[in-house]
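Have a look at the structure below, then the notes.
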Amino acid sequence: MKPQIEPGWYAQLQDEFAQPYMADLRTFLLAEREHGKRIYPPASQWFAAFDRTPFEQVRVVILGQDPYHGPRQAHGLCFSVQDGVPLPPSLRNIFAELKTDLGLPSPASGNLEKWAAQGVLLLNATLTVQAHQAGSHQNRGWEQFTDAAVRQLNEQRSGLVFMLWGSYAQRKGAQIDPAKHLILKAPHPSPLSAQRGFFGCRHFSQANTYLRQQNIPEIDWRL
């Protein structure tokens, strides 16, 4: 049965859906639900990053690791939370850097859907998590799937901006060709590492400068 995912992304990733690891992942997720375990985000939002940012519209890629594991937080976009949810610490630091870099006021909401609609792919490496259990769905197959997504962007597109925050994202982005794309690296925006170089990285203005040089519309980072 064809998965519910944006058609352009399905064209790029359809071979992955036929791989044994995806069948194993589906079996695992179904078993988790049958055992009464709560999974975030809800199933309708597992592919939200792809649905919100079609393959041919991607301009910037931000790589995260896991969905948030608290109630009402995760909705399929990395670092983003739903309207009305308090800002997680990493997102507060992202907004602080936005203010320093572009002079933008800190938004009241941490919902990043406006970025996604402009071509900012907000992709977690792992697309699901058990409630209150950080990292609980790692090494189940999602990483292989999202590696394939990054690989297709690297190979089939050019002139993209990849923001790799922290060592995990930088390892995942090791396959990206710097001759075809702009790769921006910085420490993770979490409170544990933001002071070591995330603050002051100015990735948002650097991204727009590069896009402008490629004759690609800039991102309006206001929320």
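Decide, for segment 134-223, between rounded, prolate and oblate: order the square roots of the alpha carbon gyration tensor eigenvalues as a ≥ b ≥ c, take rounded if a/c falls under 1.5, and otherwise choose prolate if a/b is larger than b/c, else oblate. Oblate. For segment 1-79, the list of GluC sites (Glu not before Pro) that fall in a loop by DSSP and count at most 15 other C-beta atoms within 10 angstrom is empty. Charges were assigned to the Cβ only: +1 to each Lys and Arg, -1 to each Asp and Glu. The resulting dipole of the chain about its Cα centre is roughly 460 debye. Taking every alpha-carbon pair under 8 Å whose residues sit at least 6 apart, the chain reaches a relative contact order of 23 percent. Find the centroid of the Cα atoms in segment 1-57 and in segment 129-182, then give the distance between the two in whole Å. Centre-to-centre distance over Cα atoms comes out at 16 Å. As a test of the formula, what do you get for the chain when each DSSP H run with n ≥ 4 contributes -39,500 (n - 2.57) and the sum is divided by the residue count, at 222 nm and rounded to the nearest 500 deg cm²/dmol? The helix-only estimate for the chain comes to -11000 deg cm²/dmol at 222 nm. Which shape class applies to segment 15-74: rounded if a/c is under 1.5, otherwise prolate when a/b exceeds b/c and oblate if not, where a ≥ b ≥ c are the square roots of the Cα gyration tensor eigenvalues? It comes out oblate by the Cα gyration axes. Taking the Cα atoms only, what angle lies between the long axis of helix 142-156 and the longest principal axis of the chain, rounded to 10 degrees? The answer is roughly 50 degrees.
Between SER205, GLN156, SER193, the Cα set farthest toward the positive side of the dipole of segment 129-223 (charges on each charged residue's Cβ, about the Cα centre) is that of SER193.
How much accessible area per residue does segment 1-60 have, counting only protein heavy atoms and a probe of 1.4 Å, in square angstrom?
Roughly 59 Å² per residue, with all protein chains present.
Please say if segment 44-85 is rounded, prolate or oblate, where rounded means a/c under 1.5 for a ≥ b ≥ c the square roots of the C-alpha gyration tensor eigenvalues, and otherwise the choice is prolate for a/b larger than b/c and oblate otherwise? Cα axes put segment 44-85 in the prolate bin.
Restricting attention to the chain, close to 20% of DSSP beta bridges with both partner residues there are antiparallel. With respect to the chain, whose longest principal axis is taken over its alpha-carbon atoms, helix 20-34 is tilted by about 80°. Over segment 82-133, accessible surface divided per residue gives 39 Å², non-protein components excluded, 1.4 Å probe.
The mean sequence distance of close C-alpha pairs (under 8 Å, at least 6 residues apart), as a share of the length of segment 136-186, puts its relative contact order at 40 percent.
Accessible surface computed residue by residue for segment 142-223, with neighbouring protein chains in place and a 1.4 Å probe, gives 48 Å² per residue.
In the chain, what percent of the accessible surface is made up of carbon and sulfur (1.4 Å probe, ligands and nucleic acids excluded)? The value for the chain is 47 percent carbon and sulfur by accessible area.
Note down the relative contact order for segment 135-223 as a percent, whole number, built from C-alpha pairs under 8 angstrom at least six residues apart.
This gives 23 percent for segment 135-223.
Here the spin labels are modelled as points 7 Å beyond Cα on the Cα-Cβ line, and at LEU87 and GLN206 they lie 2.2 nm apart.
The values are calculated or read from the model by the stated rules, or taken from the named source; none is laboratory data. Remember, predicted model here, so these are calculated numbers, not experimental data. Note that each Cβ is placed from the backbone with ideal geometry, even for glycine, and that neighbours are counted across all protein chains shown. Note: accessible area is taken over every heavy atom of the protein model, side chains too, but ligands, DNA and RNA are not part of it. Shrake-Rupley method; radii C 1.70, N 1.55, O 1.52, S 1.80 Å.
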